[in-house]
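What follows is one structure encoded as structure tokens, with my remarks underneath.
What follows draws every value from the coordinates through simple rules; no lab data is involved. A quick note: this is a predicted structure, and the numbers were derived from the prediction, not measured. Backbone-built Cβ (ideal geometry, glycine too); neighbour counts: all protein chains shown.
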Amino acid sequence: MNTIEAILNRRSIRKYTDKPVNKDVILQLIKAGMYAPTARNSRAWQFVVIQNREILNQLSQLHPYGKMLQEAACGILVCGDRNIDKEEGYLTINCAAATQNIMLAAHELGLGSVWLGVYPRTDRMKDISEFLELSDHLMPVSLISLGFPAEQRPFPERFELEKIIWK
Ligand SMILES: Cc1cc2nc3c(=O)[nH]c(=O)nc-3n(C[C@H](O)[C@H](O)[C@H](O)COP(=O)(O)O)c2cc1C
């Protein structure tokens, strides 16, 4: 699969088989995340890997649109690190880039994933931080639900020429 194929064929996957995802694969995904571009090359992030079934189940209750976590083999919470960069705007943009990298790498490796929005919903940020007992300097931005896919999604056309401004 080349990069363009991965980008065009990735869809959010919310149903998973019960096949586990091994640690080497998780590390490969996080490595892909860590190669995302960051403002000033700050790499101001931390990645919380959640494999514990009970914690995933509790998160599925805590996140209003996170029911699929009950089936997920793994969750990755991408957090900005305020100790490294104080600028919230950059922290979130960096984490978004890492999130997309992780999801594309997951797709390439035959995994399905979906991005669960955390930032900028302050209630979700607070609930998840408290539940996972995160240090105050970590700002949760996105929660990625991952597993081997148990659904196939169509690929609707999304190219919209009228959304391009040429100068
Ligand atoms: C910032 C952000 C927040 C999202 N939050 C959720 C969410 O809470 N629950 C969910 O099921 N999907 C969530 N999604 C996934 C979108 O619904 C999905 O990307 C969109 O419908 C397009 O579908 P696709 O990913 O299959 O291309 C989120 C995506 C983004 C980028």
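Worth pointing out:
- Spatial separation of Cα centroids for the range 89-167 and the range 13-83, in angstrom: 9 Å
- In plain terms, if you count all Cα to Cα distances in the range 41-114 and split them into 5 Å steps from zero, the share in each step is 3, 16, 21, 20, 20, 14, 6, 0 percent.
- Under 16 Å of direct C-alpha separation, and excluding same-chain neighbours fewer than eight residues apart, residue 31 reaches these lysines: 23.
- Per-residue Cβ neighbour counts within 10 Å put 49, 78, 118, 21 in the sequence 49, 21, 118, 78, beginning with the fewest.
- Relative intensity, log₁₀ I(q)/I(0), of the range 120-167 from a Debye sum that treats every alpha carbon as a point, q = 0.32 Å⁻¹: -1.23
- Principal axis analysis of the Cα atoms in the chain yields extents of 45, 43, 30 Å, listed in decreasing size.
- Entry note: the range 62-101 has Rg to Rh equal to 1.08, where both radii use alpha-carbon atoms and Rh is the Kirkwood radius.
- 10 Å Cβ shell holding at most 15 others, DSSP loop, chymotrypsin sites (Phe, Trp or Tyr not before Pro): longest site-free stretch of the chain: 66-158
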